[in-house]
Amino acid sequence: MTFKEYQDKARQTAIYPKTEPNWIYPILGLCGETGEIAEKLKKVIRDGNSVDKDALKKELGDVLWYIANLAYELGLDLEDIAQTNIDKLFSRKERNCLHGSGDNR
C-alpha cells in the first residue's frame, strides 16, 4: 500500500467533529496516541516487562491514521511529506549533518 492509498482509505473512516480549524481534532488525537505509546514503553522500563510489539503496532497504526488525517486537513499529501522528509535526511547525511540540533542543518 502506498502512502496515498493509506491516506485515502484513512480519510474514508474519518468520522469526527468538524471544528474550525478542522485540524484541531486530529492533532489532539495524535497527541493522545503518541502519549499511549510513551505510556506503554514507560511501563516496560518501570516493570521490566518485554515490549508488546503487537500492542505498539496497533498504537503506531493509530498515530499513522491521525497523521494522515491531519495532513489531509492541512491540504498536504502524505506521500509528499514522506518524500520531503527522506530528501531532507539524505541531504543531512550527505553533508554529515545528521547529528546536532536545529531545523535548518
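For the modelled label position 7 Å from the Cα of LYS40 along Cα-to-Cβ, which residues of the range 3-22 have backbone nitrogen atoms closer than 20 Å? Label zone hits: 10.
For the chain, the direction-averaged projected area of the alpha-carbon convex hull comes to 9.0 nm². The trypsin sites (Lys or Arg not before Pro) found in the range 1-74 that occupy coil by DSSP, while having at most 14 further C-beta atoms within 10 Å, are LYS18. Only lysines eight or more places from LYS4 in sequence, or on another chain, were considered; those with a Cα closer than 27 Å are LYS18, LYS53, LYS57, LYS58, LYS88, LYS93.
For ASN22 and ILE81, a Förster radius of 22 Å and the Cβ-Cβ distance give a FRET efficiency of 0.80, rounded to the nearest 0.05. The trypsin sites (Lys or Arg not before Pro) of the range 68-104 that DSSP puts in a loop, and whose beta carbon has at most 10 other beta carbons within 10 Å, are ARG95. Each of CYS97 and LEU60 was given a label point 7 Å from its Cα along the Cα-to-Cβ line. The distance between the two points is 2.9 nm. For the pair ASN104 and LEU74, what calculated FRET efficiency results from E = 1/(1 + (r/R0)^6), where r is the Cβ-Cβ distance and R0 = 35 Å, to the nearest 0.05? FRET efficiency, LEU74 to ASN104: 0.95.
Read the figures in this text as sums done on the coordinates, not as results from a lab. Nothing here was measured: the structure is a model prediction, and the numbers come from that model. So basically every Cβ, Gly included, is an ideal-geometry build from the backbone, and we count neighbours across all protein chains shown.
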